[in-house]
(Lines give C-alpha, C1' and ligand atoms only; values in the text may rest on other atoms or scores of the structure.)
Protein backbone atom coordinates (compact mmCIF):
# COMPACT_ATOMS: atom_id res chain seq x y z
CA UNK A 1 0.00 0.00 0.00
CA UNK A 2 2.84 2.41 0.80
CA UNK A 3 4.49 1.77 -2.57
CA UNK A 4 1.26 2.56 -4.43
CA UNK A 5 1.20 6.03 -2.88
CA UNK A 6 4.95 6.73 -2.94
CA UNK A 7 6.92 5.76 -6.09
CA UNK A 8 10.15 6.64 -4.26
CA UNK A 9 9.48 4.04 -1.59
CA UNK A 10 8.45 1.54 -4.25
CA UNK A 11 11.82 1.94 -5.98
CA UNK A 12 13.62 1.72 -2.65
CA UNK A 13 11.72 -1.48 -1.84
CA UNK A 14 12.99 -3.08 -5.05
CA UNK A 15 16.57 -2.19 -4.09
CA UNK A 16 16.12 -3.62 -0.59
CA UNK A 17 14.60 -6.83 -1.89
CA UNK A 18 17.31 -7.22 -4.54
CA UNK A 19 20.14 -6.80 -2.02
CA UNK A 20 18.58 -9.12 0.55
CA UNK A 21 17.92 -11.78 -2.09
CA UNK A 22 21.56 -11.61 -3.14
CA UNK A 23 22.73 -11.92 0.47
CA UNK A 24 20.50 -14.97 0.90
CA UNK A 25 21.86 -16.59 -2.29
CA UNK A 26 25.48 -16.00 -1.24
CA UNK A 27 24.95 -17.29 2.30
CA UNK A 28 24.47 -20.91 1.25
CA UNK A 29 21.23 -21.28 3.15
CA UNK A 30 22.36 -19.49 6.33
CA UNK A 31 20.16 -16.47 5.56
CA UNK A 32 16.45 -17.00 4.99
CA UNK A 33 14.39 -14.15 3.61
CA UNK A 34 10.68 -13.77 4.40
CA UNK A 35 8.54 -10.99 2.93
CA UNK A 36 5.38 -9.81 4.69
CA UNK A 37 2.59 -7.65 3.29
CA UNK A 38 0.96 -6.18 6.43
CA UNK A 39 -2.56 -5.20 5.41
CA UNK A 40 -4.55 -3.23 8.01
CA UNK A 41 -5.81 -5.40 10.92
CA UNK A 42 -4.11 -8.52 9.53
CA UNK A 43 -1.92 -11.07 11.28
CA UNK A 44 0.98 -9.83 9.18
CA UNK A 45 0.51 -6.35 10.64
CA UNK A 46 0.54 -7.82 14.16
CA UNK A 47 3.83 -9.61 13.38
CA UNK A 48 5.32 -6.41 11.95
CA UNK A 49 4.44 -4.41 15.07
CA UNK A 50 5.70 -7.20 17.35
CA UNK A 51 8.95 -7.25 15.38
CA UNK A 52 9.58 -3.58 16.10
CA UNK A 53 8.55 -2.05 12.77
CA UNK A 54 6.95 1.40 12.80
CA UNK A 55 4.03 2.33 10.56
CA UNK A 56 3.38 5.70 8.93
CA UNK A 57 -0.10 7.05 8.03
CA UNK A 58 -0.89 6.57 4.35
CA UNK A 59 -4.49 7.82 4.09
CA UNK A 60 -7.11 9.88 5.88
CA UNK A 61 -8.65 6.74 7.37
CA UNK A 62 -5.60 6.29 9.57
CA UNK A 63 -4.28 3.12 7.89
CA UNK A 64 -0.56 2.57 8.40
CA UNK A 65 2.09 1.57 5.89
CA UNK A 66 5.12 -0.47 6.96
CA UNK A 67 8.55 -0.61 5.36
CA UNK A 68 11.17 -1.97 7.73
CA UNK A 69 13.26 -5.04 8.47
CA UNK A 70 13.68 -7.36 11.44
CA UNK A 71 16.59 -9.77 11.68
CA UNK A 72 17.07 -12.66 14.12
CA UNK A 73 19.81 -15.23 14.61
CA UNK A 74 19.82 -18.70 16.19
CA UNK A 75 20.64 -17.30 19.63
CA UNK A 76 17.56 -15.02 19.62
CA UNK A 77 19.53 -11.80 19.07
CA UNK A 78 17.43 -9.27 17.18
CA UNK A 79 18.31 -6.23 15.05
CA UNK A 80 15.60 -3.94 13.70
CA UNK A 81 15.42 -1.22 11.06
CA UNK A 82 12.02 0.25 12.03
CA UNK A 83 11.52 2.16 8.77
CA UNK A 84 13.53 2.65 5.57
CA UNK A 85 13.70 6.35 4.73
CA UNK A 86 14.62 7.73 1.32
CA UNK A 87 17.10 10.06 3.04
CA UNK A 88 19.19 7.01 3.96
CA UNK A 89 19.03 5.43 0.50
CA UNK A 90 22.68 6.24 -0.21
CA UNK A 91 23.58 4.16 2.88
CA UNK A 92 21.29 1.22 2.14
CA UNK A 93 24.05 -1.32 1.55
CA UNK A 94 25.81 -0.16 4.70
CA UNK A 95 22.65 -0.49 6.82
CA UNK A 96 21.78 -3.97 5.54
CA UNK A 97 25.31 -5.30 5.82
CA UNK A 98 25.58 -3.85 9.32
CA UNK A 99 22.52 -5.87 10.31
CA UNK A 100 23.93 -9.10 8.87
CA UNK A 101 27.33 -8.48 10.49
CA UNK A 102 25.78 -7.82 13.90
CA UNK A 103 23.68 -10.99 13.81
CA UNK A 104 26.60 -13.12 12.57
CA UNK A 105 29.01 -11.77 15.22
CA UNK A 106 27.13 -11.47 18.49
CA UNK A 107 30.34 -11.49 20.54
CA UNK A 108 31.87 -8.12 19.82
CA UNK A 109 35.36 -6.90 20.59
CA UNK A 110 35.79 -4.28 23.31
CA UNK A 111 36.90 -0.76 22.42
CA UNK A 112 38.09 1.26 25.39
CA UNK A 113 37.53 5.00 24.93
CA UNK A 114 39.76 7.37 26.90
CA UNK A 115 39.27 11.14 26.61
CA UNK A 116 38.98 14.26 28.78
CA UNK A 117 36.24 15.48 26.40
CA UNK A 118 32.57 14.64 27.16
CA UNK A 119 32.18 12.15 24.29
CA UNK A 120 29.52 10.23 26.16
CA UNK A 121 27.40 13.32 26.76
CA UNK A 122 27.21 15.56 29.77
CA UNK A 123 29.98 17.62 31.30
CA UNK A 124 30.52 17.81 35.08
CA UNK A 125 31.87 21.35 34.66
CA UNK A 126 28.63 22.62 33.10
CA UNK A 127 25.18 23.25 34.62
CA UNK A 128 22.45 20.68 33.82
CA UNK A 129 20.68 22.89 31.27
CA UNK A 130 23.91 23.17 29.21
CA UNK A 131 24.69 19.47 29.01
CA UNK A 132 25.80 18.28 25.58
CA UNK A 133 24.42 15.10 23.95
CA UNK A 134 26.47 11.96 23.39
CA UNK A 135 28.67 12.26 20.31
CA UNK A 136 27.06 10.35 17.45
CA UNK A 137 30.35 8.77 16.41
CA UNK A 138 30.24 6.64 19.58
CA UNK A 139 26.77 5.39 18.60
CA UNK A 140 28.22 4.31 15.25
CA UNK A 141 31.14 2.55 16.94
CA UNK A 142 28.78 0.90 19.42
CA UNK A 143 26.91 -0.76 16.56
CA UNK A 144 29.99 -2.87 15.79
CA UNK A 145 31.90 -2.97 19.06
CA UNK A 146 31.33 -2.97 22.79
CA UNK A 147 32.34 0.51 23.97
CA UNK A 148 33.92 0.71 27.42
CA UNK A 149 34.72 4.17 28.89
CA UNK A 150 38.25 4.23 30.34
CA UNK A 151 38.74 7.23 32.68
CA UNK A 152 41.87 9.31 32.09
CA UNK A 153 42.83 8.69 35.73
CA UNK A 154 43.26 4.92 35.19
CA UNK A 155 46.78 3.60 35.71
CA UNK A 156 45.99 0.24 34.10
CA UNK A 157 44.12 -0.58 30.90
CA UNK A 158 41.44 -3.21 31.69
CA UNK A 159 42.37 -6.71 30.52
CA UNK A 160 39.19 -7.08 28.45
CA UNK A 161 40.00 -4.08 26.24
CA UNK A 162 41.03 -5.19 22.73
CA UNK A 163 41.48 -1.73 21.16
CA UNK A 164 42.10 1.56 22.94
CA UNK A 165 40.69 4.71 21.32
CA UNK A 166 42.39 7.77 22.79
CA UNK A 167 40.82 11.14 21.95
CA UNK A 168 42.58 14.45 22.67
CA UNK A 169 44.91 13.14 25.40
CA UNK A 170 45.91 15.98 27.70
CA UNK A 171 47.09 16.20 31.25
CA UNK A 172 47.56 12.42 31.54
CA UNK A 173 49.77 11.35 34.40
CA UNK A 174 52.97 9.40 33.75
CA UNK A 175 51.25 6.39 35.30
CA UNK A 176 48.43 6.59 32.71
CA UNK A 177 50.88 7.11 29.85
CA UNK A 178 52.84 4.11 31.10
CA UNK A 179 49.67 2.00 31.13
CA UNK A 180 49.03 2.89 27.46
CA UNK A 181 52.68 2.23 26.64
CA UNK A 182 52.60 -1.26 28.16
CA UNK A 183 49.20 -1.98 26.57
CA UNK A 184 50.79 -1.44 23.14
CA UNK A 185 53.90 -3.48 23.98
CA UNK A 186 51.85 -6.49 25.06
CA UNK A 187 49.98 -6.52 21.75
CA UNK A 188 47.15 -4.05 22.26
CA UNK A 189 46.14 -1.78 19.41
CA UNK A 190 45.57 1.97 19.63
CA UNK A 191 43.60 4.47 17.56
CA UNK A 192 44.72 7.92 18.73
CA UNK A 193 43.17 11.29 17.81
CA UNK A 194 45.47 14.19 18.67
CA UNK A 195 45.21 17.85 17.70
CA UNK A 196 47.30 21.01 17.61
CA UNK A 197 44.12 23.08 17.97
CA UNK A 198 41.00 21.20 19.08
CA UNK A 199 38.17 23.61 18.29
CA UNK A 200 35.57 21.50 20.12
CA UNK A 201 37.72 21.88 23.23
CA UNK A 202 38.27 25.61 22.74
CA UNK A 203 34.48 26.11 22.58
CA UNK A 204 34.11 24.61 26.07
CA UNK A 205 32.67 27.02 28.59
CA UNK A 206 34.81 25.55 31.34
CA UNK A 207 38.01 27.54 31.99
CA UNK A 208 39.37 24.55 33.91
CA UNK A 209 39.16 22.29 30.86
CA UNK A 210 42.20 21.07 28.92
CA UNK A 211 43.97 23.33 26.44
CA UNK A 212 43.20 23.01 22.72
CA UNK A 213 46.51 21.19 22.06
CA UNK A 214 46.84 17.48 22.79
CA UNK A 215 49.77 16.38 24.93
CA UNK A 216 50.83 12.92 23.80
CA UNK A 217 54.39 13.62 22.70
CA UNK A 218 56.07 11.12 25.00
CA UNK A 219 54.31 8.16 23.40
CA UNK A 220 54.20 9.58 19.86
CA UNK A 221 57.99 10.01 19.88
CA UNK A 222 58.41 6.37 20.92
CA UNK A 223 56.09 5.39 18.06
CA UNK A 224 58.12 7.22 15.44
CA UNK A 225 55.97 10.32 14.83
CA UNK A 226 55.54 13.81 16.22
CA UNK A 227 52.75 16.36 16.23
CA UNK A 228 54.22 19.58 14.85
CA UNK A 229 54.19 22.25 17.55
CA UNK A 230 51.64 25.08 17.17
CA UNK A 231 50.98 24.43 13.48
CA UNK A 232 47.85 23.36 11.60
CA UNK A 233 47.41 22.23 8.01
CA UNK A 234 45.93 24.52 5.35
CA UNK A 235 44.99 23.48 1.81
CA UNK A 236 43.73 25.73 -1.00
CA UNK A 237 42.21 22.90 -3.04
CA UNK A 238 40.35 21.30 -0.12
CA UNK A 239 39.24 24.54 1.58
CA UNK A 240 35.56 24.69 2.57
CA UNK A 241 33.40 27.61 1.46
CA UNK A 242 32.00 29.43 4.50
CA UNK A 243 30.02 32.60 5.20
CA UNK A 244 32.03 35.35 6.89
CA UNK A 245 31.45 38.98 7.87
CA UNK A 246 33.69 41.47 6.10
CA UNK A 247 33.27 45.22 6.73
CA UNK A 248 29.80 44.59 8.14
CA UNK A 249 28.63 42.49 5.18
CA UNK A 250 28.26 38.73 4.72
CA UNK A 251 30.46 37.25 2.03
CA UNK A 252 31.57 33.75 1.00
CA UNK A 253 35.23 32.78 1.28
CA UNK A 254 37.45 29.71 1.23
CA UNK A 255 38.43 28.76 4.78
CA UNK A 256 41.82 27.12 4.27
CA UNK A 257 41.84 25.66 7.82
CA UNK A 258 38.57 23.73 7.35
CA UNK A 259 39.11 21.02 4.77
CA UNK A 260 36.89 18.66 2.81
CA UNK A 261 39.15 15.80 1.77
CA UNK A 262 38.42 13.32 -1.02
CA UNK A 263 39.98 10.26 -2.66
CA UNK A 264 42.99 12.16 -3.97
CA UNK A 265 44.00 12.84 -0.35
CA UNK A 266 43.76 9.18 0.74
CA UNK A 267 45.96 6.09 0.50
CA UNK A 268 43.41 4.16 -1.54
CA UNK A 269 45.44 0.96 -1.21
CA UNK A 270 44.79 0.79 2.54
CA UNK A 271 41.60 -0.90 3.70
CA UNK A 272 41.04 1.75 6.38
CA UNK A 273 40.64 4.64 3.96
CA UNK A 274 40.41 3.09 0.48
CA UNK A 275 36.60 3.12 0.26
CA UNK A 276 36.00 6.46 1.99
CA UNK A 277 34.58 9.16 -0.25
CA UNK A 278 34.72 12.31 1.85
CA UNK A 279 36.16 13.49 5.18
CA UNK A 280 35.71 16.85 6.89
CA UNK A 281 38.46 18.07 9.22
CA UNK A 282 38.89 21.36 11.09
CA UNK A 283 42.24 23.02 11.89
CA UNK A 284 43.93 19.63 11.73
CA UNK A 285 47.45 19.15 13.06
CA UNK A 286 50.47 17.93 11.11
CA UNK A 287 52.28 14.63 11.68
CA UNK A 288 55.94 14.11 10.83
CA UNK A 289 58.16 11.04 10.98
CA UNK A 290 60.95 11.06 13.54
CA UNK A 291 62.96 8.28 11.90
CA UNK A 292 62.85 5.68 14.68
CA UNK A 293 64.57 2.52 13.48
CA UNK A 294 62.34 -0.51 12.96
CA UNK A 295 59.11 1.49 12.67
CA UNK A 296 57.27 2.03 9.39
CA UNK A 297 55.09 5.15 9.24
CA UNK A 298 52.67 5.20 6.28
CA UNK A 299 50.53 8.28 5.60
CA UNK A 300 46.82 7.46 5.33
CA UNK A 301 45.49 11.01 4.83
CA UNK A 302 47.40 13.92 3.37
CA UNK A 303 46.66 17.39 2.06
CA UNK A 304 47.27 18.29 -1.56
CA UNK A 305 50.39 19.96 -2.96
CA UNK A 306 48.96 23.49 -2.58
CA UNK A 307 49.25 23.37 1.21
CA UNK A 308 51.04 25.22 3.97
CA UNK A 309 51.56 25.04 7.73
CA UNK A 310 49.56 27.81 9.46
CA UNK A 311 50.20 29.16 12.95
CA UNK A 312 47.60 27.63 15.25
CA UNK A 313 47.11 31.01 16.94
CA UNK A 314 45.55 32.36 13.73
CA UNK A 315 42.48 30.13 14.09
CA UNK A 316 41.90 30.84 17.77
CA UNK A 317 38.86 32.88 18.77
CA UNK A 318 37.44 34.66 15.71
CA UNK A 319 39.80 33.76 12.85
CA UNK A 320 40.38 36.11 9.92
CA UNK A 321 39.15 33.72 7.22
CA UNK A 322 39.64 36.18 4.35
CA UNK A 323 43.06 37.22 5.63
CA UNK A 324 44.30 33.62 5.85
CA UNK A 325 43.12 33.00 2.30
CA UNK A 326 44.68 36.21 1.03
CA UNK A 327 48.06 35.54 2.68
CA UNK A 328 48.16 31.84 1.77
CA UNK A 329 51.48 30.76 0.22
CA UNK A 330 51.50 27.07 -0.81
CA UNK A 331 54.60 25.15 0.17
CA UNK A 332 54.37 22.69 -2.73
CA UNK A 333 54.40 19.53 -0.58
CA UNK A 334 51.55 17.54 1.02
CA UNK A 335 51.18 17.44 4.80
CA UNK A 336 50.34 14.24 6.70
CA UNK A 337 47.11 14.31 8.72
CA UNK A 338 46.82 10.62 9.63
CA UNK A 339 49.27 7.72 9.57
CA UNK A 340 49.49 4.00 10.17
CA UNK A 341 52.39 2.89 12.38
CA UNK A 342 53.76 -0.64 12.16
CA UNK A 343 56.86 -2.29 13.52
CA UNK A 344 58.78 -3.07 16.67
CA UNK A 345 58.10 -0.38 19.26
CA UNK A 346 60.35 0.40 22.22
CA UNK A 347 58.94 1.57 25.52
CA UNK A 348 58.65 5.30 26.15
CA UNK A 349 59.75 4.43 29.70
CA UNK A 350 63.08 2.61 29.20
CA UNK A 351 63.93 2.83 32.91
CA UNK A 352 60.77 1.06 33.99
CA UNK A 353 57.53 2.22 35.60
CA UNK A 354 57.46 5.85 36.70
CA UNK A 355 57.47 6.46 40.45
CA UNK A 356 54.17 7.45 42.02
CA UNK A 357 53.70 11.19 42.66
CA UNK A 358 55.14 12.60 45.87
CA UNK A 359 52.66 13.07 48.72
CA UNK A 360 52.30 16.61 50.02
CA UNK A 361 55.30 17.49 52.19
CA UNK A 362 57.35 14.45 51.17
CA UNK A 363 61.03 14.94 50.28
CA UNK A 364 61.58 11.78 48.27
CA UNK A 365 59.09 9.83 46.22
CA UNK A 366 58.19 6.45 47.67
CA UNK A 367 59.20 3.34 45.82
CA UNK A 368 56.89 2.33 42.99
CA UNK A 369 54.34 -0.30 43.85
CA UNK A 370 55.04 -3.69 42.27
CA UNK A 371 53.44 -3.93 38.84
CA UNK A 372 50.93 -6.67 38.12
CA UNK A 373 52.88 -7.56 34.96
CA UNK A 374 56.63 -7.33 34.36
CA UNK A 375 57.91 -4.23 32.60
CA UNK A 376 58.23 -4.63 28.85
CA UNK A 377 60.97 -2.72 27.06
CA UNK A 378 59.89 -3.73 23.56
CA UNK A 379 56.72 -4.90 21.82
CA UNK A 380 56.18 -8.66 21.83
CA UNK A 381 55.09 -8.54 18.19
CA UNK A 382 54.96 -5.81 15.53
CA UNK A 383 52.65 -3.06 16.74
CA UNK A 384 49.71 -1.82 14.65
CA UNK A 385 48.65 1.72 15.50
CA UNK A 386 46.79 4.54 13.77
CA UNK A 387 47.29 8.21 14.70
CA UNK A 388 45.00 10.98 13.40
CA UNK A 389 45.94 14.65 13.84
CA UNK A 390 42.39 15.99 14.23
CA UNK A 391 39.89 15.70 17.07
CA UNK A 392 37.18 17.97 15.64
CA UNK A 393 36.34 15.50 12.86
CA UNK A 394 34.66 13.31 15.51
CA UNK A 395 32.17 15.99 16.55
CA UNK A 396 28.66 15.79 15.06
CA UNK A 397 28.67 19.22 13.44
CA UNK A 398 31.48 18.29 11.08
CA UNK A 399 29.99 15.13 9.56
CA UNK A 400 26.24 14.63 10.16
CA UNK A 401 22.87 16.31 10.39
CA UNK A 402 20.66 15.10 13.23
CA UNK A 403 16.90 14.92 12.78
CA UNK A 404 13.98 13.54 14.74
CA UNK A 405 11.76 10.89 13.18
CA UNK A 406 8.94 9.35 15.19
CA UNK A 407 10.72 10.07 18.45
CA UNK A 408 14.05 8.64 17.30
CA UNK A 409 17.28 10.47 16.50
CA UNK A 410 18.03 10.01 12.81
CA UNK A 411 21.52 10.68 11.49
CA UNK A 412 21.92 11.92 7.93
CA UNK A 413 25.69 11.98 7.29
CA UNK A 414 27.14 14.44 4.78
CA UNK A 415 30.70 13.10 5.24
CA UNK A 416 32.24 9.70 6.01
CA UNK A 417 33.99 10.63 9.26
CA UNK A 418 32.23 7.97 11.36
CA UNK A 419 32.79 5.36 8.64
CA UNK A 420 36.50 6.11 8.78
CA UNK A 421 36.55 5.59 12.56
CA UNK A 422 34.69 2.28 12.31
CA UNK A 423 36.92 1.17 9.42
CA UNK A 424 40.02 1.96 11.48
CA UNK A 425 38.74 0.06 14.52
CA UNK A 426 37.61 -2.84 12.36
CA UNK A 427 41.03 -3.03 10.72
CA UNK A 428 42.85 -2.86 14.05
CA UNK A 429 40.60 -5.64 15.35
CA UNK A 430 42.11 -7.97 12.74
CA UNK A 431 38.81 -8.44 10.89
CA UNK A 432 38.28 -7.65 7.22
CA UNK A 433 34.50 -8.05 7.56
CA UNK A 434 32.49 -5.34 5.91
CA UNK A 435 35.52 -3.41 4.62
CA UNK A 436 34.46 -2.27 1.15
CA UNK A 437 30.77 -2.15 2.05
CA UNK A 438 30.99 0.97 4.16
CA UNK A 439 31.35 4.60 3.21
CA UNK A 440 29.00 5.00 0.27
CA UNK A 441 28.07 8.66 0.72
CA UNK A 442 28.40 10.68 -2.46
CA UNK A 443 31.30 13.08 -2.59
CA UNK A 444 31.54 16.36 -4.36
CA UNK A 445 33.56 16.34 -7.57
CA UNK A 446 34.64 19.91 -8.25
CA UNK A 447 36.18 21.17 -11.49
CA UNK A 448 39.73 21.58 -10.19
CA UNK A 449 41.00 23.88 -12.97
CA UNK A 450 38.01 26.17 -12.59
CA UNK A 451 38.49 26.19 -8.82
CA UNK A 452 42.16 27.17 -9.19
CA UNK A 453 41.29 30.01 -11.59
CA UNK A 454 38.57 31.28 -9.25
CA UNK A 455 40.88 31.15 -6.23
CA UNK A 456 43.68 32.99 -8.05
CA UNK A 457 41.28 35.75 -9.11
CA UNK A 458 39.81 35.95 -5.62
CA UNK A 459 43.23 36.27 -3.99
CA UNK A 460 44.07 39.15 -6.36
CA UNK A 461 40.79 40.93 -5.62
CA UNK A 462 41.08 40.32 -1.88
CA UNK A 463 44.54 41.97 -1.81
CA UNK A 464 43.23 45.00 -3.67
CA UNK A 465 40.18 45.07 -1.45
CA UNK A 466 42.41 45.13 1.65
CA UNK A 467 44.51 48.05 0.37
CA UNK A 468 41.40 50.04 -0.54
CA UNK A 469 39.83 49.30 2.84
CA UNK A 470 43.02 50.51 4.57
CA UNK A 471 42.99 53.68 2.47
CA UNK A 472 39.33 54.25 3.30
CA UNK A 473 40.01 53.83 7.02
CA UNK A 474 42.93 56.28 6.82
CA UNK A 475 40.83 58.95 5.06
CA UNK A 476 37.98 58.45 7.51
CA UNK A 477 40.34 58.88 10.49
CA UNK A 478 41.77 62.12 9.06
CA UNK A 479 38.30 63.50 8.44
CA UNK A 480 37.17 62.56 11.95
CA UNK A 481 40.29 64.22 13.40
CA UNK A 482 39.42 67.48 11.66
CA UNK A 483 35.81 67.27 12.86
CA UNK A 484 36.95 66.60 16.45
CA UNK A 485 39.35 69.57 16.36
CA UNK A 486 36.57 71.78 15.08
CA UNK A 487 34.26 70.70 17.89
CA UNK A 488 36.95 71.07 20.56
CA UNK A 489 37.91 74.60 19.49
CA UNK A 490 34.31 75.69 19.05
CA UNK A 491 35.31 77.25 15.76
CA UNK A 492 32.15 77.65 13.74
CA UNK A 493 33.87 79.35 10.82
CA UNK A 494 36.48 77.04 9.27
CA UNK A 495 39.55 78.37 7.55
CA UNK A 496 39.85 77.98 3.81
CA UNK A 497 42.59 75.35 4.29
CA UNK A 498 40.39 73.27 6.63
CA UNK A 499 37.41 73.46 4.29
CA UNK A 500 39.60 72.42 1.39
CA UNK A 501 41.04 69.53 3.41
CA UNK A 502 37.56 68.34 4.45
CA UNK A 503 36.29 68.54 0.87
CA UNK A 504 39.36 66.65 -0.32
CA UNK A 505 38.97 63.91 2.30
CA UNK A 506 35.27 63.51 1.55
CA UNK A 507 35.96 63.28 -2.18
CA UNK A 508 38.68 60.70 -1.55
CA UNK A 509 36.36 58.71 0.72
CA UNK A 510 33.57 58.71 -1.88
CA UNK A 511 36.00 57.74 -4.65
CA UNK A 512 37.57 54.98 -2.52
CA UNK A 513 34.15 53.58 -1.60
CA UNK A 514 33.19 53.52 -5.28
CA UNK A 515 36.46 51.78 -6.20
CA UNK A 516 35.94 49.25 -3.38
CA UNK A 517 32.42 48.51 -4.63
CA UNK A 518 33.80 48.15 -8.16
CA UNK A 519 36.38 45.63 -6.95
CA UNK A 520 33.77 43.59 -5.06
CA UNK A 521 31.40 43.72 -8.03
CA UNK A 522 34.20 42.68 -10.41
CA UNK A 523 34.94 39.67 -8.23
CA UNK A 524 31.30 38.58 -8.28
CA UNK A 525 31.06 39.20 -12.04
CA UNK A 526 34.20 37.16 -12.74
CA UNK A 527 32.89 34.23 -10.73
CA UNK A 528 29.39 34.54 -12.27
CA UNK A 529 30.91 34.77 -15.77
CA UNK A 530 32.97 31.65 -15.14
CA UNK A 531 29.93 29.78 -13.79
CA UNK A 532 27.84 30.89 -16.78
CA UNK A 533 30.52 29.78 -19.23
CA UNK A 534 30.80 26.42 -17.47
CA UNK A 535 27.02 25.96 -17.58
CA UNK A 536 27.03 26.84 -21.27
CA UNK A 537 29.71 24.22 -21.96
CA UNK A 538 27.79 21.55 -20.05
CA UNK A 539 24.26 22.43 -21.11
CA UNK A 540 24.42 24.01 -24.56
CA UNK A 541 27.84 23.48 -26.13
CA UNK A 542 27.78 19.69 -26.24
CA UNK A 543 24.27 19.48 -27.79
CA UNK A 544 25.29 22.15 -30.32
CA UNK A 545 28.41 20.20 -31.26
CA UNK A 546 26.38 17.01 -31.61
CA UNK A 547 23.85 18.82 -33.77
CA UNK A 548 26.59 20.35 -35.91
CA UNK A 549 28.23 16.96 -36.27
CA UNK A 550 24.93 15.44 -37.36
CA UNK A 551 24.45 18.16 -39.99
CA UNK A 552 27.98 17.67 -41.34
CA UNK A 553 27.53 13.88 -41.54
CA UNK A 554 24.17 14.33 -43.28
CA UNK A 555 25.62 16.77 -45.83
CA UNK A 556 28.54 14.45 -46.56
CA UNK A 557 26.14 11.53 -47.01
CA UNK A 558 23.98 13.53 -49.44
CA UNK A 559 27.05 14.64 -51.38
CA UNK A 560 28.17 11.01 -51.72
CA UNK A 561 24.75 9.99 -52.97
CA UNK A 562 24.79 12.81 -55.58
CA UNK A 563 28.24 11.74 -56.76
CA UNK A 564 27.04 8.15 -57.15
CA UNK A 565 23.94 9.35 -59.05
CA UNK A 566 25.93 11.25 -61.74
CA UNK A 567 26.25 8.97 -64.84
CA UNK A 568 29.77 8.16 -65.94
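Screening residue 298 against (1) part of a loop (DSSP other than H, G, I, E, B); (2) without any contact (Cβ under 8 Å) to a residue 60 or more places away in the chain; (3) in contact with a strand residue (DSSP E or B) (Cβ under 7 Å, 6 or more places away or on another chain) leaves a single unmet condition, (1). Which residues, counting only those in the stretch 86-100, are out of contact with any helix residue (DSSP H, G or I) (no Cβ under 8 Å at 6 or more places or on another chain) and surrounded by fewer than 17 Cβ atoms within 10 Å (Cβ to Cβ)? Hits for the stretch 86-100 are 87, 90.
Here is a yes/no grid of residues against (1) part of a helix (DSSP H, G or I); (2) modelled with pLDDT of 95 or more; (3) buried (at least 21 other Cβ atoms within 10 Å of the Cβ):
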site: 123; (1), (2), (3): no, no, no
site: 129; (1), (2), (3): yes, no, no
site: 133; (1), (2), (3): no, no, no
site: 139; (1), (2), (3): yes, no, no
site: 181; (1), (2), (3): yes, yes, yes
site: 187; (1), (2), (3): no, no, no
site: 200; (1), (2), (3): yes, no, yes
site: 211; (1), (2), (3): no, no, no
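Of the listed requirements (1) within 16 Å of residue 417 (Cα to Cα); (2) modelled with pLDDT of 95 or more, residue 277 misses just one: (2).
Exactly one residue out of 317, 304 is in contact with a strand residue (DSSP E or B) (Cβ under 6 Å, 6 or more places away or on another chain) and part of a loop (DSSP other than H, G, I, E, B): that is 304.
The values are calculated or read from the model by the stated rules, or taken from the named source; none is laboratory data. Predicted model, so just to flag it, every value in this text is computed and none were measured. Glycine gets a Cβ as well: all are built from the backbone with ideal geometry, and neighbour counts include every protein chain shown.
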